[in-house]
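To start, the structure under review is shown below, and the notes come after it.
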Amino acid sequence: MSSVQIPFDIPVREAFEAEDYLVTSSNEAAVKWIDSWPYSRSDWPNSPCTIVYGAAGCGKTHLSHVWQQKSGAKRMAMEDMDVTNLQGLPNCLIIEAVDQIVGRPDMQELLFHLYNWQKENEGSLLLTAMQHPKYWPADLPDLRSRLLAAMAIEIGPPDDELLAAVIVKQFMDRQINVPMDVIAYLLPRIERSFEAARDIVRKIDELSLSKKRKITIPLVRNLLGQGRDNRPDKI
C-alpha cells in the first residue's frame with residue numbers, strides 16, 4: 001500500500017471507536033473493567049470512581065470515549081464546574097488529566113464534593129491521569145482517602161503488538177496507509193513508549209510531505225539516521 005499525502009493545514013482526525021482499540025496484555029485489565037459496564041454494587045462496593053492511568057498517549061482518552069459511548073457519560077473540565085451547584089450534573093462523568101490540576105486547593109475541594117455527590121446519587125466518575133493517585137499532589141485528607149479507595153487501573157508500557165497498533169493508528173488518524181514492512185522496521189528502532197510512537201509518526205509525515213515522497217523504509221532510514229556502529233539511532 002502507498003501513503004496518501006495530505007496538505008499541512010488538514011487537521012489530524014483521531015478515531016475513538018471501540019473497534020479501533022487493540023487489546024493486549026498492557027491494557028487488558030482496563031478494557032475488561034470498561035467492558036463490564038454497567039457495574040453492579042457487588043463489583044464496585046466502596047467507590048463511585050474509576051481512575052485509568054498511564055503514560056502520555058497510552059490510550060486513556062480513547063478508552064474513556066469507549067466508556068462514554070457505553071454509558072452516555074459527559075466529558076467535563078473541572079474548571080467549568082461550580083462547587084456550590086452540583087445539582088443537574090449528569091449521572092456519568094469523565095474528567096481527564098486530573099493529576100495535573102488536583103494540586104490546587106480549589107480543585108481538591110471541588111473533586112471531594114463531586115465524588116460525594118456522585119456516590120450519593122449512585123453515579124459513576126471516570127478520571128484519567130498519568131500516575132496512580134497515591135502520587136497525586138492532593139493533601140486534603142478526606143479526598144486523598146477516597147481517591148486511594150477508588151478503582152485504579154494502569155495501562156502499562158506497550159508490547160510489540162500494541163506499539164505497532166499505535167503507530168498504525170497514528171498514521172490512520174493522518175489519513176495515511178503505511179506498508180507493514182515500514183512498521184516492522186520502526187519497531188526495534190524507536191524508544192518503547194506511546195509518546196515516541198506519536199512523535200516519530202509526526203516526523204515521518206512531515207518528511208514525506210516536504211520531500212514529496214511515499215513513506216518507505218529508505219525514507220524512514222533517512223530520518224532515523226545511522227549511528228557510528230552502523231545501527232540506526234533510536235528516537
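Below is a table of values for the structure above.
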read-out	value
Potential extension, residue 79-residue 211 segment - 0.36 nm per residue separation minus Cα distance	43.2 nm
Over region 72-225 - Rg/Rh using Cα atoms and the Kirkwood inverse-distance radius	1.14
Segment residue 192-residue 134, extension gain: residue separation times 0.36 nm, minus the distance between their alpha carbons	18.4 nm
Formal net charge of residues neighbouring residue 217 (Cβ-Cβ distance under 14 Å; K, R +1; D, E -1)	+3
Cα gyration tensor shape for region 27-155, rounded if a/c is under 1.5, else prolate or oblate	rounded
Assigned charges on the beta-carbon of Lys, Arg, Asp, Glu; region 159-224 dipole about Cα centre (debye)	460
Residue among 83, 116, 128 farthest towards the positive dipole end of region 61-131, charges placed on Cβ	128
Distance between modelled label sites at residue 69 and residue 177, nm, 7 Å Cα→Cβ extension	2.2
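A short reminder: the numbers here are calculations on the coordinates, not readings from a lab. Not measured: the values here are computed from a predicted model. Reconstructed Cβ throughout: ideal geometry from the backbone, glycine too, with neighbour counts over all protein chains shown.
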